[in-house]
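Every number in this text was worked out from the coordinates using simple rules, so none of it is lab data. Since this is a predicted model, take the numbers as computed values, not measurements. Cβ: placed from backbone, ideal geometry, glycine included. Neighbour counts: every protein chain shown.
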């Protein structure tokens with residue numbers, strides 16, 4: 001679906017001071033002592049979709065110890081093409097991957113392709129990572145004409161590396177999993193980043209991580225980018241982003257693994273080697289960055305916080321993807337009211353946790369006569385019926401894909417499987433640092 005775009009200038013949280021070169025995150029347990037009795041997806045009552053009494057069939061197979069795949073088909077007659085968004089008779093095809101971290105021998109993680117900026121098919125991401133199964137994950141830039149279509153529109157956290165920061169969009173809700181404990185969290189996150197010169201103490205706030213900065217109108221052709229007086233961006237890039245950093249007007253300084261400046265250019269675009277990172281600035285921030293951190297060595301601060309503002313140091317087992325709109329919270333349906341195509345029936349991908357700590361990943365096929373898809377309200381009702389105490393709507397539409405061993409399980413809308421920015425995949429091997 002990928003209907004959301006990263007805002008040109010998100011609200012940057014500039015609260016408490018961050019610890020130098022540390023990324024922090026509060027990860028609450030998925031199990032709540034006061035929660036209602038557990039519900040198991042594969043043995044639930046009929047889905048709350050369409051008319052009562054529709055025929056519904058279920059089949060469940062065990063993929064590995066502690067991992068099951070359930071396919072649910074509700075309704076038997078194909079929908080008339082002109083009634084896909086209104087019919088009460090379906091049909092609906094729902095696939096549910098359930099992982100019991102206490103029984104499974106492997107772990108769930110988030111992965112992207114060879115670099116963050118490109119897109120890959122979910123089946124390829126599952127196959128390339130050697131995973132048992134997986135679903136598509138984050139909303140991403142998507143537009144084919146974009147040079148970096150895989151750029152996540154929000155949080156992107158892969159094996160303990162925060163490669164894309166959460167936006168200030170109130171709809172953004174992320175799914176974060178700790179491979180070390182098997183626990184997961186659904187919630188909103190905020191981020192603070194900055195650059196501090198070790199010698200002078202001068203500081204500059206970061207706006208983005210691995211996201212092309214905006215060049216203010218009228219500044220692209222200036223002979224000296226530092227003469228631009230309009231507001232621009234300051235962005236940190238890592239080698240995971242792409243073969244080269246974004247090119248264009250502005251300045252860029254390359255840092256070695258110690259955070260010391262190894263070269264500075266009054267134009268943007270360069271290749272980074274292992275261990276290197278870079279800082280780019282556009283607009284009037286070009287002069288600010290050069291003055292504050294143009295020479296010597298700097299400390300980079302990057303702090304991720306949960307809704308309550310609590311923080312803990314991140315570790316290599318932590319992964320997360322961004323979604324749009326929380327579906328359930330604490331066992332209650334909380335999806336907001338809305339209108340428009342995003343809230344209409346579409347293919348959907350859902351991630352959530354049950355009260356007893358299971359992780360559930362689901363897909364709903366849509367926009368077809370053989371499976372009509374779900375509205376946002378229907379999606380929340382499905383998540384609730386499948387036992388997801390806390391659930392989020394991940395990227396959907398043509399992106400919705402579930403794969404087992406690199407093969408398609410669901411039927412994506414459109415003529416071919418859409419390449420996506422990242423995926424949540426289950427690896428059968430235990431997590432190791």
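Note on 424, 272, 386, 163: ascending count of other Cβ atoms within 10 Å places them as 272, 163, 386, 424, the fewest first.
Modelled spin labels at residue 247 and residue 341, positioned 7 Å past Cα toward Cβ, are 3.3 nm from each other. Computing Rg and the Kirkwood Rh from the Cα coordinates of region 170-243 gives a ratio, Rg/Rh, of 1.10.
The ellipsoid equivalent to the alpha-carbon distribution of region 199-296 has semi-axes of 20, 16, 11 angstrom, derived from the gyration tensor eigenvalues as √(5λ) and listed largest first. The Cα atoms of the chain define a convex hull whose projected area, averaged across directions, is 20.7 nm².
Just from its helices, what would the mean residue ellipticity at 222 nm be for the chain, if runs of 4 or more DSSP H residues each count -39500 (n - 2.57) and the sum is divided by every residue, rounded to the nearest 500 deg cm²/dmol?
Counting only the DSSP helices, I get -1500 deg cm²/dmol.
When only Cα pairs below 8 angstrom with a gap of at least 6 residues are kept, region 184-285 shows a relative contact order of 28 percent.
Run through every distinct alpha carbon pair of region 244-356 and return the Kirkwood hydrodynamic radius in angstroms, one decimal place.
18.5 Å
With a simple spin-label model that places each label point 7 Å from the Cα along the Cα-to-Cβ direction, the separation between residue 180 and residue 61 comes to 3.6 nm. Here 359, 350, 300 are placed in order of increasing Cβ neighbour count within 10 Å, fewest first, which gives 300, 359, 350. Cβ crowding within 10 Å, taken as a proxy for footprinting-reagent exposure, orders 422, 151 from fewest neighbours to most as 151, 422. Shape annotation for region 111-152: C-alpha extents along the principal axes are 32, 17, 13 Å, from largest to smallest. Taking every Cα-Cα distance in region 352-433 and sorting them into 10 Å bins starting at zero, the pair-distance distribution P(r) comes out as 15, 43, 34, 7, 0 percent. One decimal place: the segment residue 408-residue 271 gains 45.8 nm when fully extended, by the rule 0.36 nm per residue minus the C-alpha distance.
The spread of Cα positions in region 47-144, taken along each principal axis and listed from longest to shortest, comes to 44, 41, 17 Å.
The long axis of helix 376-385 is offset from the longest Cα principal axis of the chain by roughly 60 degrees. The spacing between region 304-380 and region 399-426, judged by their C-alpha centroids, is 17 Å.
Segment residue 416..residue 263, full-extension length gain: 50.7 nm, with 0.36 nm per residue of separation and the alpha-carbon distance subtracted. Identify the residues of region 105-125 with backbone N under 11 Å of a label point that sits 7 angstrom from the Cα of residue 146 along the Cα-to-Cβ direction, or state none. Label zone hits: 117-119. For region 238-263, backbone nitrogen atoms closer than 18 Å to the point 7 Å from residue 200 Cα along Cα-to-C-beta are found at 251-255, 259-263.
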